[in-house]
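A short worksheet on the structure shown next.
The values are calculated or read from the model by the stated rules, or taken from the named source; none is laboratory data. Every value quoted in this text rests on a predicted model; they were computed, and no experiment measured them. Note: ideal-geometry Cβ built from the backbone for every residue, glycine included; neighbour counts use all protein chains shown. Protein only, heavy atoms only, side chains kept; ligands, DNA and RNA dropped before computing areas. Shrake-Rupley method; radii C 1.70, N 1.55, O 1.52, S 1.80 Å.
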Amino acid sequence: MKKLEQLYEGKAKKVYKTDNEDLLWVEYKDDATAFNGTKKGTIVGKGVLNNLISAHFFQMLAEKGVPNHFVELVNEQEQLVKALDIIQVEIIVRNLAAGSMAKRLGMEEGMDLGGPVVDYCYKSDELGDPLINDDHIRALNLALPEQIQTIREIALKVNSILTNYLADKGIILVDYKLEFGFHKGEVILGDEISPDTCRFWDSETREKLDKDRFRRDLGGVDEAYKEIYRRLTGKEVKL
Ligand code: 5GP
């Protein structure tokens with residue numbers, strides 16, 4: 001497999017073409033951004049950790065019957081994925097109140113929601129990824145109602161798989177963001193699942209083990225990402 005020209009550089013990843021038009025080569029970056037790119041920094045080792053952590057989750061989800069874009073790791077910081085036509089909707093699944101939802105609805109962070117809450121956001125940096133509903137998705141022609149229904153069902157299946165899997169590792173899955181796309185006419189899970197895109201709390205202490213440490217200047221960002229990798233794999237990463 002050959003890495004060809006760069007197609008796209010996002011905030012956390014670079015995407016390259018390959019000599020197979022169905023596959024893309026993704027390089028995870030150490031760059032960290034928050035609040036729609038207004039806060040910037042570097043987390044040394046984040047590219048390696050998120051690449052390995054995301055690969056771990058996607059492999060596990062594929063084994064449990066969740067179709068997704070992951071193909072294989074190329075090296076510690078890069079992976080091959082299936083090329084997707086990405087649906088411009090972020091799917092957020094929440095188990096406990098936190099972040100923007102806690103703020104918007106005046107909820108105390110950590111409040112139990114009594115079952116998962118699914119939010120949709122329009123993927124648009126210019127608009128700041130605004131919250132939208134099923135009707136907005138239809139009006140904006142982002143996906144068909146039956147496609148959103150399928151996505152919601154997959155997102156909730158991912159929730160029960162990940163919640164149980166992480167509970168065994170002493171981690172509470174507070175919330176996370178998923179992205180989906182079309183591959184050969186089928187809707188499959190894409191993007192990444194990592195401490196950049198999820199809120200992970202230690203089950204005992206409720207210590208934050210995710211990007212909120214960067215967003216909120218709590219320190220110990222790289223240590224938190226390493227701790228997630230350690231709990232998932234039982235291994236240390238050499239950086
Ligand atoms: P919130 O709505 O509180 O900002 O985010 C809810 C969850 O989705 C968090 O786990 C957060 O990391 C993830 N999330 C939402 N939007 C984005 C985004 O644009 N980028 C990333 N990396 N994560 C997001």
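A few points about this structure:
- In the stretch 156-170, the qualifying residues are those that are surrounded by fewer than 22 Cβ atoms within 10 Å (Cβ to Cβ) and within 16 Å of the ligand (Cβ to nearest atom), and the one that is nearest to the chain's Cα centre (by Cα) is ASN159.
- Hits in the stretch 1-24 - residues which are away from the ligand (no atom under 16 Å from the Cβ) and in a loop (DSSP other than H, G, I, E, B): MET1, LYS2, ASP19, ASN20, GLU21, ASP22
- Criterion (farther than 26 Å from ARG216 by Cβ and free of Cβ contacts under 8 Å to residues at least 40 places away in the same chain) met by exactly one of ALA62, ALA97: ALA62
- When restricted to residues that are in a strand (DSSP E or B) and within 24 Å of ALA83 (Cα to Cα), the stretch 137-184 contains 7.
- Those residues of the stretch 207-223 which are away from the ligand (no atom under 13 Å from the Cβ) and surrounded by 22 or more Cβ atoms within 10 Å (Cβ to Cβ), in sequence order: VAL221
Conditions tested, residue by residue: (1) open to solvent by 60 Å² or more (accessible area, probe 1.4 Å); (2) within 22 Å of GLN77 (Cα to Cα); (3) of a type in the set (Val, Ile, Thr).
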position: PRO145; (1), (2), (3): yes, no, no
position: ILE172; (1), (2), (3): no, no, yes
position: LEU189; (1), (2), (3): no, yes, no
position: THR205; (1), (2), (3): yes, no, yes
position: ILE228; (1), (2), (3): no, yes, yes
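- Only one of the numbered conditions (1) over 21 Å from TYR229 (Cβ atoms); (2) in contact with a Gly (Cβ under 9 Å, 6 or more places away or on another chain) is not met by GLY10, and that is (2).
- Residues of the stretch 39-73 classified as in a helix (DSSP H, G or I) and within 15 Å of SER194 (Cα to Cα), total: 16
- Residue match in the stretch 74-83 (condition: more than 30 Å from LEU239 (Cα to Cα), away from the ligand (no atom under 11 Å from the Cβ), under 17 Å from the mean Cα position of the chain (by Cα) and surrounded by 15 or more Cβ atoms within 10 Å (Cβ to Cβ)): no
For (1) in a helix (DSSP H, G or I); (2) near the ligand (Cβ under 8 Å from one of its atoms); (3) not aromatic (Phe, Trp, Tyr), each residue gets a yes or a no:
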| residue | (1), (2), (3) |
| --- | --- |
| ARG94 | no, yes, yes |
| SER100 | yes, yes, yes |
| GLU108 | no, no, yes |
| LEU113 | no, no, yes |
| ASP119 | no, yes, yes |
| GLU126 | no, no, yes |
| ASP129 | no, yes, yes |
| ASP135 | yes, no, yes |
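- Check on GLU27, charged (D, E, K, R), in contact (Cβ under 8 Å) with a residue 40 or more places away in the chain and in a strand (DSSP E or B): yes
- Answer from GLU192, GLU223 - the residue that is without any contact (Cβ under 8 Å) to a residue 60 or more places away in the chain and either out of contact with any His (no Cβ under 7 Å at 6 or more places or on another chain) or over 19 Å from ASP168 (Cα atoms) (or both): GLU223
- Residue check, LYS177 among the basic types (Lys, Arg), within 16 Å of the ligand (Cβ to nearest atom), open to solvent by 40 Å² or more (accessible area, probe 1.4 Å) and touching a Ser or Thr at 6+ places or on another chain (Cβ under 9 Å): yes
- Residues in the stretch 112-127 that are surrounded by 13 or more Cβ atoms within 10 Å (Cβ to Cβ) and over 19 Å from ILE148 (Cβ atoms): LEU113 only.
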